[in-house]
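Asker: After the structure tokens below, expect a handful of questions from me.
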Amino acid sequence: MATKKVYLNTIAQIAGKISTALISIFLIKILTNYLDVAGYGLYSKVYNYLSIFSVIADLGLYTISVREISRYKDDEEKVKMIAGTILSIRSIMGLCIIVISLMLGAFLPGYNTLPALVGILIAGIFTLFGLVNSSIMSMLQAFLKTEFSFVSTTVGKMVNLISMMLFVYILYPRSEGMLGYDFAHTIMISGVMIAWLFGNMVMTMMLYLYSRKIVKIGFRFDRTYAKHIMTASLPYWLALFLNVLYFKVDVILLSILEPRTIADTSIALYSVPMKIVEVGMMFGTVFLNSMLPLFSEAIKKKEIPSVSPSHERGEQGMWGDWANSELFGYVAKAYKTLLIFWVGIACFLFINSSNVIIFIASQEYIEHSKHFYTSLDAMRIVVFIFLFYFLSSLFTYLLIAHDEQKKLLRINFVITLANLAGNVLLIPYFSFVGSAGVTLVCQILLLGQTYWSTRHLIRFNFLPSFTVSTLFFALIASGINLFLLSLLHTGAFVSLTICTMVFFGVYLGGIGGMRFLANTTHEAGKTSWT
């Protein structure tokens, strides 16, 4: 029943993420056509810059507060105190970040132009509302009452889209003569950033009004609890900051290490595939945040049994009684969900990368005649970040559930150093394609380290039969998709529509058929498919 509630809660959030992801595709299409390649690079540079500061302001409180509130769900006053204190802390940090990001940007090469600084200011206000929004969401997440997020996020994105279209097509339409001038770029960047801000304000207000039906939270500040929660979250915050830093620092390094004449163009070409990855990352995170209370409860019950060599046999039971624990069951279900979804997404995007980029951006982003490296080169590398990111996140959330944020800090510190070193070495030779390769390698290393660090909690065996079967059907679907693409001579949208239906029909149909066959034979007492 608990996992059923998690799935329903996650489905409601994912429905909202799907609707906003679809709207985001149109927004990216509008932006890449409204701004020139260098202009979109400037926009992406500002966006990534503020993303780092938003993590600093977050203080790692979202995930930690979900765990904290879930422990006191039956004590309304305690929940009000926790949620109100966290809301106050994050709001204060949001205001501080606006000032700090502007001061630092004024001295940072590539960010000290008028368009960039105005964009940073508006994006900073956007970040402030985002922190308030996520503070409310953490309380709803703990109660598994996030279904309204589907409505609030969809409406917020629609406001964003309408505001963007109003500005782009009516208030300040693009003309070729205005490109290349700081004043014009300032107006253009400001307009699209303000459109994002309007949407986030509406979304935050709607979510706040809904949350009051569950618990009437407001700004509070309990000094004792504030000290406790910040101390508890500090190791995780540092780990999270390092994790985000190695995802975002490549854009900052590109703006510094690349020649000024091509830096923004390189960032734009790199940002299109990375934006696809970024949008996709929302889905698995939603699911794992829903699973976190269950991981915490299973660990708290101390149902993790000891392992003896005599138990290490059989596929499901190769780790002995671990496979029979409640924690193993939760981790196995999470692993299956993440593996099916992200193996399919990664393979589909790899095969259809050209059409995806043309559909989301434009033909210019994949033309080697204009650029030595293109978005297509980066896309075929970064799509595999999906899979390794969420598998490593699964083990990361186990460490959080067991209050072992300090381990994450050590792990992410090593990964961040490796990422920084790799980018500094490869960007001068391979530009943003080098950054893409470094990010993927670091993500694989992160998976290995997080898995090894959770072995004292659970000896997870990655369900070999399930994993191999999933990869097998992904390869079959990819082969059929490649053959289909060689026959199709249609536009990007039509090709993607046909390929999507065929790919996931074969892929999910094959997995579903195998599960049905395995369950049937299992009931007959012959075998079991894990």
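Asker: For region 403-431, enumerate the residues that are surrounded by fewer than 23 Cβ atoms within 10 Å (Cβ to Cβ), over 19 Å from Leu254 (Cα atoms) and touching a Ser or Thr at 6+ places or on another chain (Cβ under 8 Å).
Answerer: Scanning region 403-431 gives Glu404, Gln405, Lys407.
Asker: Tell me whether region 369-382 contains one or more residues that are farther than 24 Å from Ile252 by Cα, within 18 Å of the chain's Cα centre (by Cα) and assigned to a helix (DSSP H, G or I). Don't jump to the end; show me each part of the working.
Answerer: Within region 369-382, the first condition is being farther than 24 Å from Ile252 by Cα, and the residues that meet it are 369.
Now narrow it down to the ones that are within 18 Å of the chain's Cα centre (by Cα): none.
No, the conditions are met nowhere in region 369-382.
Asker: A follow-up question, please. Which condition breaks for Ser362 when tested against (1) of a type in the set (Ser, Thr, Tyr); (2) modelled with pLDDT under 90; (3) closer than 23 Å to Pro293 by Cα?
Answerer: (3)
Asker: Take the conditions modelled with pLDDT of 90 or more, closer than 30 Å to Glu297 by Cβ and in a helix (DSSP H, G or I) and apply them to Thr450. Does it pass?
Answerer: yes
Asker: Next question, about the same structure. State yes or no: is Tyr181 of a type outside the set (A, V, I, L, M, F, W, C), farther than 30 Å from Ile400 by Cα and at pLDDT 85 or above? Show your work before the answer.
Answerer: Details: of a type outside the set (A, V, I, L, M, F, W, C): yes; farther than 30 Å from Ile400 by Cα: yes; at pLDDT 85 or above: no.
No; evaluated as a whole, the condition is false for this residue.
Asker: Scan region 188-222 for residues that are surrounded by fewer than 17 Cβ atoms within 10 Å (Cβ to Cβ), over 30 Å from Ile162 (Cβ atoms) and not basic (Lys, Arg) and report the count.
Answerer: Going through region 188-222 one residue at a time, the tally reaches 4.
Asker: Among the residues of region 216-265, how many are among the polar types (S, T, N, Q), touching a residue at least 24 places away in the same chain (Cβ under 8 Å) and more than 27 Å from Phe395 (Cα to Cα)?
Answerer: The initial filter retains those residues of region 216-265 that are among the polar types (S, T, N, Q), namely 224, 231, 233, 243, 255, 261, 265.
Add one more test, that the residue is touching a residue at least 24 places away in the same chain (Cβ under 8 Å), and what stays is 233, 243, 255, 265.
Still in the running and more than 27 Å from Phe395 (Cα to Cα): 255, 265.
Number satisfying all stated conditions: 2.
Asker: Only one residue in Tyr246, Tyr225 is part of a helix (DSSP H, G or I), aromatic (Phe, Trp, Tyr) and buried (at least 21 other Cβ atoms within 10 Å of the Cβ). Which one?
Answerer: On the way: Tyr225 fails: buried (at least 21 other Cβ atoms within 10 Å of the Cβ).
Sole residue among the options that is part of a helix (DSSP H, G or I), aromatic (Phe, Trp, Tyr) and buried (at least 21 other Cβ atoms within 10 Å of the Cβ): Tyr246.
Asker: Find all pairs meeting these conditions: Cβ atoms under 6 angstrom apart; at least six residues apart or on different chains; first residue within region 441-468 and surrounded by 15 or more Cβ atoms within 10 Å (Cβ to Cβ); second residue part of a helix (DSSP H, G or I) and polar (S, T, N, Q).
Answerer: Cys442/Asn419; Leu446/Ser392; Leu447/Ser392; Thr450/Ser392; Thr450/Thr396
Asker: Okay, next question. Filter region 202-222 down to residues that are under 14 Å from Ser138 (Cα atoms) and in a helix (DSSP H, G or I) and give me whichever is modelled with the highest pLDDT.
Answerer: Thr204
The values are calculated or read from the model by the stated rules, or taken from the named source; none is laboratory data. Just so you know, these numbers come straight off a predicted model, no measurement behind them. FYI the Cβ positions are ideal-geometry reconstructions off the backbone, even for glycines, and counts take in every protein chain you see.
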